[in-house]
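Engineer: Encoded as structure tokens, here's the structure I'll be asking about.
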Amino acid sequence: MNTLTNMIVHRALPSPSELRAMIPLSPEASAAKERRDREIGAILSGQDPRLLLIIGPCSADREDAVLDYIRRLAPLAEQVKGKMLIIPRIYTNKPRTTGDGYKGLASQPDPTKRPDIEKGLISTRRLHVQAVNETGLTCADEMLYPGNDPYFADVLSYVAVGARSVENQQHRLVASGMGVPVGMKNPTSGDLSVMLNSITAAQHPHIFSYREYEVETRGNLLAHAILRGFVDSTGRSMPNYHYEDLMGLYDLYQSRGLKNMACIVDANHANSGKQPLQQIRIVNEVLHARRHSGEIRELVKGFMVESYLEDGAQKIGEGIYGKSITDPCLGWEKSRDLILEIADQL
């Protein structure tokens with residue numbers, strides 16, 4: 001019985017086990033995920049000197065264009081695998097500052113129509129499964145709705161907790177039970193203590209209520225930091241990827257005694273002021289800092305870049321294939337050149 005009098009119950013959704021049976025992962029893809037999970041863990045724990053590059057569209061707005069992007073990325077990932085491990089972004093959940101607007105494939109599989117959660121879950125799983133089945137590349141997604149994790153836990157290799165969710169208790173507790181690395185972004189205020197508190201919580205075991213069960217987690221020692229810039233009191237975008245910022249985070253990590261010190265630098269969002277071309281300069285600046293500081297080299301384990309088939313962004317309904325309908329992205333040619341440039345510098 002619905003006790004929320006201002007809520008209309010539409011229908012029951014398929015269970016995670018039903019959706020996994022409907023769209024299964026092949027044995028070969030499962031083996032690829034296990035291998036990539038080990039490699040990603042080794043990089044974040046400092047056992048593997050390679051870098052991570054989490055790259056792809058701001059939002060996975062349509063399955064065909066996202067798969068086209070990942071098919072192009074796969075041979076490039078193979079080419080640079082000695083220097084870095086590439087994790088495609090398939091971001092199917094979009095947090096909205098005011099609650100309005102396109103909420104991502106998982107909620108709204110057709111951006112021009114009203115949300116359809118059942119179709120969205122099916123589209124999201126189908127896209128992630130097809131990507132790894134075809135290319136062997138397991139992908140990253142954002143955990144906006146913690147209750148959705150069982151639908152995709154067998155196929156994801158990386159999860160991010162966004163700037164608006166990082167202080168939320170349920171996100172922190174669910175992250176502590178995940179079997180893959182979880183990156184905690186600094187909040188939009190830029191308060192690094194909030195991010196570090198989230199990492200601390202995620203690295204610890206917990207007992208809590210989850211999907212109508214009492215559960216116990218062991219703690220996720222691969223929970224780590226993502227620096228994405230912040231917004232000051234006047235609404236201006238402020239970066240936090242400079243040398244001094246990274247050294248400050250290094251010192252904070254050391255003072256906290258957290259396991260597996262690691263930071264991913266998000267080159268877009270407030271770090272670039274959502275100017276996607278700036279991502280190239282930002283990545284190069286951080287690479288320079290890594291070359292000149294052993295501490296920063298120990299801390300920074302990779303980058304996050306927003307990239308799609310076409311440069312820039314479009315409005316919903318324009319229908320330009322492979323062009324973002326949320327934040328503007330680097331186009332494919334510039335993204336390819338950036339990947340090769342990073343590899344040349346490592």
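The values are calculated or read from the model by the stated rules, or taken from the named source; none is laboratory data. Remember, predicted model here, so these are calculated numbers, not experimental data. Cβ: placed from backbone, ideal geometry, glycine included. Neighbour counts: every protein chain shown. Ligands, DNA and RNA are stripped out before the accessible areas are found, and what is left, the full protein with its side chains, is counted by its heavy atoms. Shrake-Rupley method; radii C 1.70, N 1.55, O 1.52, S 1.80 Å.
Engineer: All but one of (1) out of contact with any strand residue (DSSP E or B) (no Cβ under 7 Å at 6 or more places or on another chain); (2) within 25 Å of Ile40 (Cα to Cα) hold for Ser233; which doesn't?
Structural biologist: (2)
Engineer: Okay, moving on. Condition first: open to solvent by less than 40 Å² (accessible area, probe 1.4 Å), assigned to a helix (DSSP H, G or I) and in contact (Cβ under 8 Å) with a residue 24 or more places away in the chain. Now tell me which residues in the stretch 33-68 satisfy that.
Structural biologist: Matches in the stretch 33-68: Lys33, Arg36, Asp37, Ile40, Gly41, Ile43, Leu44, Ala65, Val66, Leu67, Asp68.
Engineer: While we're on this one: Check Ala131 against each of (1) more than 21 Å from Ala32 (Cα to Cα); (2) buried (at least 24 other Cβ atoms within 10 Å of the Cβ); (3) hydrophobic (A, V, I, L, M, F, W, C) and name the one condition it does not meet.
Structural biologist: (1)
Engineer: Any residue in the stretch 110-124 that's within 14 Å of Gly319 (Cα to Cα) and open to solvent by 70 Å² or more (accessible area, probe 1.4 Å): show its pairings with residues that are outside any helix (DSSP H, G or I) and aliphatic (A, V, I, L, M) at Cβ separation under 9 Å, as long as the two are six or more apart or on different chains.
Structural biologist: Partner pairs satisfying both residue conditions: Thr112/Ile316.
Engineer: If you don't mind, there's one more thing I want to ask. Kindly evaluate Ser272 against the criterion of being of a type in the set (Ser, Thr, Tyr), within 28 Å of Thr234 (Cβ to Cβ) and open to solvent by less than 70 Å² (accessible area, probe 1.4 Å). Please lay out each step first, then the result.
Structural biologist: Values: of a type in the set (Ser, Thr, Tyr): yes; within 28 Å of Thr234 (Cβ to Cβ): yes; open to solvent by less than 70 Å² (accessible area, probe 1.4 Å): yes.
It is true that Ser272 is of a type in the set (Ser, Thr, Tyr), within 28 Å of Thr234 (Cβ to Cβ) and open to solvent by less than 70 Å² (accessible area, probe 1.4 Å).
Engineer: Would you list the strands (runs of 3 or more DSSP E) that sit entirely within the stretch 155-244 and hold 2 or more residues that are open to solvent by less than 20 Å² (accessible area, probe 1.4 Å) and modelled with pLDDT of 95 or more?
Structural biologist: 156-161, 182-185, 224-227
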